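*Asks:* Just dropping this structure here.
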Amino acid sequence: MHDLVVIGGGGAGLTSALTAKKLNWDANITIISKDELSYSPCSLPFVLSGEIQSFDAIGHDLKNICENSHINCIIDKAVEIDLEEKRVSTRKEGDFPFKSLVIATGGRPRKLDVDGSDLKGIYTLQNIEDGKKILEKATDSKKAVVVGGGAVGVETAAALRKRGLEVSIVEMCDQLFGHCFDQSYSGIIKKTLEDEGITILTGKSTDGFMGDKWVDSVNVGGKDVPADFVVVGVGLIPNGELAEKAGIKTFKGAIQVDGWMQTNVDGVYAAGDCVLTHSLITGQPICSQLGTSASRQGKIAGSNAVGCYAAMEGVLNSMVLKLFDMEIGRTGLTESDARCMEIPIISGKVKTTTKPQYFPGAEDLYVKLVFKEINRQIIGAQIVGSGEGVADKIDLCAYAIQKNSTIDDLMKLKYCYTPPLAPINNAIVDAAENAYRKITRLREVRRRKF
């Protein structure tokens, strides 16, 4: 009998096993993984770009990691969960009875159901093998098309452009990063990518892939865009089938969990890209297929699975990316999402610089904060700029959201200053003051109407 069986050796699965072992050293813990390597998928575009020298640099032997932590590691595919018998069956290695179970089966790339989707030369980017195929093809290619204007698509496009390829991004929505950034900030990102030589086709559908055996163009809105190969990055489908077949509740393929990452079955937990969590701001169900969410969920699932106590309060889907010399970050709700939810909001915006303008290396920085009008609490932030420091500012905003901080709180933020690192005026404070002035004007308008 295994005290804990974990299905999946990715970020969520491995984190849950390691956390459980730290908290309960005597527990007999087994990971069942179909992959032999442990690595961060977020690092793949940087191998494609050449910023990381090889895929060998990001991959680590899963069995070695588990052995060093006294965790059993089975390289095999789990094919069945029997909840009555409390056991997991694998394809080759047999059955594994358990007291507690963590399901961390991840997700798989969504594919396009269009003509020519079975042609050679159409890739997705989820694992090292995908990356190797793309890199091999990129070395003797001149043109690439990336379908999808989200994080995976844009990072892949930037990586291929750094390799010297002609790159086009095709995005069906009318902007890049549709639910991550408001249109004005998405426009700043788009212009930067275009300045780097990437062609951006927004508001255009991918109608098909053309070619004989190998793709040679993509039909975009009725026009053919030449391509030596294509990378499709249009999201992930949760791998919830194994859980659903066992009788565990799912919603649109994602495993439903509570705040303790427990499913509807006592002692059975789930974490990572396969689960449906909830928004910290609205409480509504939401997928959060990010490395940070997988890690946090894995820690909570692993803790609770061996008798400890931890809770997942919700997600903000905080994200930060570096695209060429530009850093972009976001957390919480955008203004457009808040308005769609009929949440009355006030936004504060500022354009400033990363350092005093007189100091060498000062770059533009754009900050937008979103507040609830009714109580002035911050519910979202977007930051775009060159240089460094976006990640830290997004983390600060995320913490402010968690603590229900208001415009007044952020206006009183105590901060540091030195010309080589930061200007005398803090961008977060300036954006909060901008929101405060808007509220003051709004009050005056209402007073005059009365």
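*Asks:* Which one of these is touching a Leu at 6+ places or on another chain (Cβ under 6 Å), without any contact (Cβ under 8 Å) to a residue 60 or more places away in the chain, crowded, with 22+ Cβ neighbours inside 10 Å and farther than 30 Å from N24 by Cα: A381, A400, A338? Steps first, answer last, please.
*Replies:* Details: A400 fails: touching a Leu at 6+ places or on another chain (Cβ under 6 Å); A338 fails: touching a Leu at 6+ places or on another chain (Cβ under 6 Å).
Only one candidate passes the filter, namely A381.
*Asks:* Right, something else. Of everything in the range 143-169, what is in contact with a strand residue (DSSP E or B) (Cβ under 6 Å, 6 or more places away or on another chain) and not in a helix (DSSP H, G or I)? Give them in sequence order.
*Replies:* Of everything in the range 143-169, those that are in contact with a strand residue (DSSP E or B) (Cβ under 6 Å, 6 or more places away or on another chain) and not in a helix (DSSP H, G or I) turn out to be K143, A144, V145, V146, V147, G149, L165, E166, V167, S168, I169.
*Asks:* Follow-up question, since we're still on this one. Is it true that some residue in the range 36-43 is of a type in the set (D, E, K, R) and either touching a Pro at 6+ places or on another chain (Cβ under 9 Å) or crowded, with 22+ Cβ neighbours inside 10 Å (or both)? Outline the logic, then answer.
*Replies:* Our first condition is that a residue be of a type in the set (D, E, K, R); within the range 36-43, this holds for 36.
Still in the list and also either touching a Pro at 6+ places or on another chain (Cβ under 9 Å) or crowded, with 22+ Cβ neighbours inside 10 Å (or both): none.
Scanning the range 36-43 turns up no residue that is of a type in the set (D, E, K, R) and either touching a Pro at 6+ places or on another chain (Cβ under 9 Å) or crowded, with 22+ Cβ neighbours inside 10 Å (or both).
*Asks:* Another one. Which condition breaks for D392 when tested against (1) assigned to a loop (DSSP other than H, G, I, E, B); (2) surrounded by fewer than 16 Cβ atoms within 10 Å (Cβ to Cβ); (3) not polar (S, T, N, Q)?
*Replies:* The single condition D392 does not satisfy is (1).
*Asks:* Now a separate question. Tell me which of these G50 doesn't satisfy, since it passes every other one: (1) on the phi < 0 side of the Ramachandran plot; (2) surrounded by fewer than 19 Cβ atoms within 10 Å (Cβ to Cβ).
*Replies:* Among (1) on the phi < 0 side of the Ramachandran plot; (2) surrounded by fewer than 19 Cβ atoms within 10 Å (Cβ to Cβ), G50 violates only (1).
*Asks:* Go through the range 303-319 and report how many residues are touching a residue at least 40 places away in the same chain (Cβ under 8 Å), surrounded by fewer than 23 Cβ atoms within 10 Å (Cβ to Cβ), among the hydrophobic types (A, V, I, L, M, F, W, C) and not in a loop (DSSP other than H, G, I, E, B).
*Replies:* So the answer is 1.
*Asks:* Inspect all residues belonging to the range 27-34 and state whether any of them is surrounded by fewer than 24 Cβ atoms within 10 Å (Cβ to Cβ), under 23 Å from A310 (Cβ atoms) and under 21 Å from the mean Cα position of the chain (by Cα).
*Replies:* There is no residue in the range 27-34 that is surrounded by fewer than 24 Cβ atoms within 10 Å (Cβ to Cβ), under 23 Å from A310 (Cβ atoms) and under 21 Å from the mean Cα position of the chain (by Cα).
*Asks:* Would you confirm whether or not the range 260-269 contains a residue that is over 30 Å from D395 (Cα atoms), aromatic (F, W, Y), modelled with pLDDT of 95 or more and outside any loop (DSSP other than H, G, I, E, B)? Give the derivation first.
*Replies:* The initial filter retains those residues of the range 260-269 that are over 30 Å from D395 (Cα atoms), namely 264-268.
Filter once more, keeping what is aromatic (F, W, Y): none.
No, the conditions are met nowhere in the range 260-269.
Residue-by-condition table, conditions (1) more than 22 Å from T19 (Cβ to Cβ); (2) surrounded by fewer than 24 Cβ atoms within 10 Å (Cβ to Cβ):
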{"position": "D224", "(1), (2)": "yes, yes"}
{"position": "A243", "(1), (2)": "no, no"}
{"position": "G247", "(1), (2)": "yes, yes"}
{"position": "W260", "(1), (2)": "no, yes"}
{"position": "A271", "(1), (2)": "no, no"}
{"position": "Q289", "(1), (2)": "no, yes"}
{"position": "G298", "(1), (2)": "no, no"}
{"position": "A301", "(1), (2)": "no, no"}
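*Asks:* A follow-up question, please. Every residue in the range 320-334 that is in a loop (DSSP other than H, G, I, E, B) and in contact (Cβ under 8 Å) with a residue 60 or more places away in the chain, please.
*Replies:* Step one: of the range 320-334, the residues in a loop (DSSP other than H, G, I, E, B) are 324-325, 333-334.
Those that are in a loop (DSSP other than H, G, I, E, B) and in contact (Cβ under 8 Å) with a residue 60 or more places away in the chain: F324, D325, T334.
*Asks:* Would you mind stating whether K133 is without any contact (Cβ under 8 Å) to a residue 40 or more places away in the chain, charged (D, E, K, R), closer than 29 Å to S49 by Cα and surrounded by fewer than 18 Cβ atoms within 10 Å (Cβ to Cβ)? Reasoning before the result, please.
*Replies:* Numbers: without any contact (Cβ under 8 Å) to a residue 40 or more places away in the chain: yes; charged (D, E, K, R): yes; closer than 29 Å to S49 by Cα: yes; surrounded by fewer than 18 Cβ atoms within 10 Å (Cβ to Cβ): yes.
Criteria met by K133.
*Asks:* G9 is checked against (1) part of a helix (DSSP H, G or I); (2) among the small types (G, A, S); (3) in contact with a strand residue (DSSP E or B) (Cβ under 8 Å, 6 or more places away or on another chain) and fails just one. What number does that condition carry?
*Replies:* In the conditions (1) part of a helix (DSSP H, G or I); (2) among the small types (G, A, S); (3) in contact with a strand residue (DSSP E or B) (Cβ under 8 Å, 6 or more places away or on another chain), G9 misses (1) alone.
*Asks:* Which numbered condition trips up T192, out of (1) surrounded by 22 or more Cβ atoms within 10 Å (Cβ to Cβ); (2) assigned to a helix (DSSP H, G or I)?
*Replies:* (1)
*Asks:* Please verify whether Q284 is crowded, with 17+ Cβ neighbours inside 10 Å, of a type outside the set (D, E, K, R) and assigned by TED's automatic domain parsing to the domain that holds T250, treating the condition exactly as stated. Give the derivation first.
*Replies:* Details: crowded, with 17+ Cβ neighbours inside 10 Å: no; of a type outside the set (D, E, K, R): yes; assigned by TED's automatic domain parsing to the domain that holds T250: yes.
When the stated conditions are applied, Q284 does not pass them.
*Asks:* Let me ask something else. For K21, are the conditions met, namely being surrounded by 19 or more Cβ atoms within 10 Å (Cβ to Cβ) and basic (K, R)?
*Replies:* On the way: surrounded by 19 or more Cβ atoms within 10 Å (Cβ to Cβ): yes; basic (K, R): yes.
So K21 fits the description; yes.
*Asks:* Going through T334, T292 one at a time, which residue ends up being closer than 29 Å to S43 by Cβ and out of contact with any strand residue (DSSP E or B) (no Cβ under 7 Å at 6 or more places or on another chain)? Give the derivation first.
*Replies:* Working: T334 fails: out of contact with any strand residue (DSSP E or B) (no Cβ under 7 Å at 6 or more places or on another chain).
From the options T334, T292, the qualifying one is T292.
*Asks:* Something else now. Looking at (1) closer than 23 Å to M319 by Cβ; (2) free of Cβ contacts under 8 Å to residues at least 40 places away in the same chain, which is the only condition T139 fails?
*Replies:* For T139, the failing item is (1).
*Asks:* If you take the residues in the range 1-57 that are among the basic types (K, R) and touching a residue at least 12 places away in the same chain (Cβ under 8 Å), which one is farthest from S69 (Cα to Cα)? Break it down into steps so the answer makes sense when it comes.
*Replies:* Step one: list which residues in the range 1-57 are among the basic types (K, R), which gives 21-22, 34.
Cutting the leftovers down to touching a residue at least 12 places away in the same chain (Cβ under 8 Å) gives us 21, 34.
Numbers: K21: 8, K34: 19 Å.
Once the filter is applied, the top-ranked residue is K34.
*Asks:* Which residues, taken from the range 287-312, are within 18 Å of the chain's Cα centre (by Cα) and either under 25 Å from C340 (Cα atoms) or outside the structural domain of A20 (by TED's automatic domain parsing) (or both)? Walk me through how you get there before you give the answer.
*Replies:* So in the range 287-312, the residues within 18 Å of the chain's Cα centre (by Cα) come out as 287-299, 312.
Across the range 287-312, the qualifying residues are C287, S288, Q289, L290, S293, M312.
*Asks:* In the range 126-143, how many residues are within 17 Å of K162 (Cα to Cα) and either outside the structural domain of D228 (by TED's automatic domain parsing) or in contact with a Leu (Cβ under 8 Å, 6 or more places away or on another chain) (or both)?
*Replies:* Residues flagged as within 17 Å of K162 (Cα to Cα) and either outside the structural domain of D228 (by TED's automatic domain parsing) or in contact with a Leu (Cβ under 8 Å, 6 or more places away or on another chain) (or both) within the range 126-143 amount to 7.
*Asks:* Go through the range 77-130 and count every residue that is under 30 Å from Q53 (Cβ atoms) and without any contact (Cβ under 8 Å) to a residue 12 or more places away in the chain.
*Replies:* Start the filter on the range 77-130 by keeping residues that are under 30 Å from Q53 (Cβ atoms), which leaves 104, 106-109, 120-130.
When the remaining residues are screened for being without any contact (Cβ under 8 Å) to a residue 12 or more places away in the chain, the result is 129.
Looking only at that region, the number is 1.
*Asks:* Further question: Considering the range 198-215 alone, what residues qualify as being of a type outside the set (G, A, S), more than 18 Å from L165 (Cα to Cα) and in a loop (DSSP other than H, G, I, E, B)?
*Replies:* Scanning the range 198-215 gives K204, D212, K213.
The values are calculated or read from the model by the stated rules, or taken from the named source; none is laboratory data. Since the structure is predicted, the reported quantities are computational estimates derived from the model, not experimental observations. Heads up, the Cβs are rebuilt from the backbone with ideal geometry, glycines too, and the neighbour counts pull from every protein chain shown.
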